[in-house]
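Derivation of every value follows stated rules applied to the coordinates shown; laboratory data play no part. Being a predicted model, the structure only gives us computed values, none of them experimental. A quick note on method: Cβ atoms are made from the backbone with ideal geometry, for glycine too, and the neighbour counts reach across all protein chains shown.
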Amino acid sequence: MNINRMLQSLVQYIVEGFSRIFSPVKDECPNIGVQPFDSALYQETSDRV
């Protein structure tokens, strides 16, 4: 009986892991798109030493 219980708990542990990995995402993150670029472009100057 003890081996049966250990085997059952091992299988349950593995199945719970698979279900957490392959279940749909439950995060409630906002859907965002492409953010506009609103900064000046970097221009390297030639006065560096």
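So the values come out like this:
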read-out	value
Inter-label distance, nm, simple model (7 Å from Cα along the C-beta direction), L7/E44	6.7
Cα Rg over Rh - the chain, Kirkwood	1.57
Dipole magnitude (debye, nearest 20) for the chain, charges at Cβ of Lys, Arg, Asp, Glu	480
Furthest towards positive pole of dipole, V34, I21, S9, structure part the chain, Cβ charges	S9
Computed [θ] at 222 nm, helices only, for the chain once each DSSP H run of length n ≥ 4 contributes -39500 (n - 2.57)	-15000 deg cm²/dmol
